[in-house]
Amino acid sequence: MGSSVVKIALSGYYGFDNSGDEAVLQSILFALQEQSKEQGIQIEPIVLSANPEKTAAMYGVKAYHRMKPGGLLRALREADGLISGGGSLLQDATSSKTIPYYLAVLKLAQWLGKPTFIYSQGIGPVGRPMFFGWIRSVFQRCAYVSVRDTESADLLGRMRLPRERITVVPDPVMGLPLPANGATSGAPSVERTVGVSVRFWNEDRSELEALSRSLALLLAANPDVRLRFLPFHLPSDEVASQFVIDRLGDYGARVEMARGVVHPQDMLAQVAACDLLIGMRLHSLIYAASQYVPMVGISYDPKIDQFLHRLGMKAAASTASFDADAFAEEAQRLLVDREQWAASSRAAIEELKAQAQLPAKRIVSFYKQKFNK
């Protein structure tokens, strides 16, 4: 390790055109930069990405391909340490290959003698008990472990990782700032905007059919409301958004889609301009909270419920149970009571925003202590 520069590799779901995961990366980069300035250490990130050229151009960092052994090994050899996270990296709901990949990257870094850090991860669901020992073994050798909710900490506890080794922090995206040009442009509108973030989940699309009915009710009750669909994962969320739009019939004139929004701060600005956010994607809800925009959550995964719980809220529907009328009523209530919701939620949101940089602070401090020895 050099006398004044620390190179840190970052492993996560980066380079897949998923706004939420890109926001995680951007937030970690911001936090590391901020903390390095405060503590007088220069940090040089090296990002493992599915699209290293695009990642390098978007964030001004060095990047290597996450799936090419030569690039992966080169990144870890160059680095002075490895950050794994944030996001829901260690779960086997979407694939049985996800956990082995992220653990293998951590294990390789440890074999190379590099300090490893778990950065505000959401752990689980983990349905295969064989993964418990694997996760515990790798995490026990990490210099720092932080998770984004108590449920993740509890799951690691069930894996027999000592609870005192685990720090519960907010999702890093709570600390993501708006772009320099602000949240909105143009003249103020007399219309109210409801942002909608959807994804495909149920094979029969029953949850999107029910949401379509809820949105039609909301539009019928509020002639001044427009819907703005915000696809977080391209291109699949654009297709899911169009599925819902096609079912809104005559209301189509009051519906639009934000297409091709790739940079996380640009999507954050889109959310900040909304009067209400209806979201399935976790980071659509986190974006909304960070900008004090009231939200109505649709749960397809425990991580949605876990985040809402931190704000004293519950999902208004789930992919397993969706009452279109009740959902529309909740959306209507929050649309009317936006200011009251923001006032009552402000303390909890400000606490999460204030704590969002804690992992970066700990990691930079780790290296500062090494310099001072």
Among the residues of region 218-225, is there at least one that is out of contact with any Ser or Thr (no Cβ under 6 Å at 6 or more places or on another chain), of a type in the set (S, T, N, Q) and not in a helix (DSSP H, G or I)?
-> yes
Check residue 43 against each of (1) under 24 Å from residue 143 (Cβ atoms); (2) touching a helix residue (DSSP H, G or I) at 6+ places or on another chain (Cβ under 6 Å); (3) outside any strand (DSSP E or B) and name the one condition it does not meet.
-> (3)
Looking at (1) open to solvent by less than 20 Å² (accessible area, probe 1.4 Å); (2) over 29 Å from residue 285 (Cα atoms); (3) in contact (Cβ under 8 Å) with a residue 40 or more places away in the chain; (4) not polar (S, T, N, Q), can you tell me which one residue 71 breaks?
-> (3)
The lone condition residue 172 fails out of (1) touching a residue at least 12 places away in the same chain (Cβ under 8 Å); (2) surrounded by fewer than 22 Cβ atoms within 10 Å (Cβ to Cβ); (3) not β-branched (Val, Ile, Thr) is (2)
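Listed here are the residues, each with its yes/no results for (1) closer than 25 Å to residue 20 by Cβ; (2) open to solvent by 30 Å² or more (accessible area, probe 1.4 Å); (3) outside the structural domain of residue 280 (by the TED database).
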| site | (1), (2), (3) |
| --- | --- |
| 211 | yes, no, no |
| 222 | no, no, no |
| 237 | yes, no, no |
| 240 | yes, no, no |
| 243 | yes, yes, no |
| 250 | no, yes, no |
| 254 | no, yes, no |
Would you pick out the residues in region 314-361 that are part of a loop (DSSP other than H, G, I, E, B), of a type in the set (Gly, Ala, Ser) and buried (at least 21 other Cβ atoms within 10 Å of the Cβ)?
-> 315, 316, 356
Of everything in region 141-165 that's open to solvent by less than 10 Å² (accessible area, probe 1.4 Å) and in a strand (DSSP E or B), which residue is nearest to residue 303 (Cα to Cα)?
-> 147
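The values are calculated or read from the model by the stated rules, or taken from the named source; none is laboratory data. Note that this is a predicted model, so its numbers are computed, not measured. Note: ideal-geometry Cβ built from the backbone for every residue, glycine included; neighbour counts use all protein chains shown. Protein only, heavy atoms only, side chains kept; ligands, DNA and RNA dropped before computing areas. Shrake-Rupley method; radii C 1.70, N 1.55, O 1.52, S 1.80 Å.
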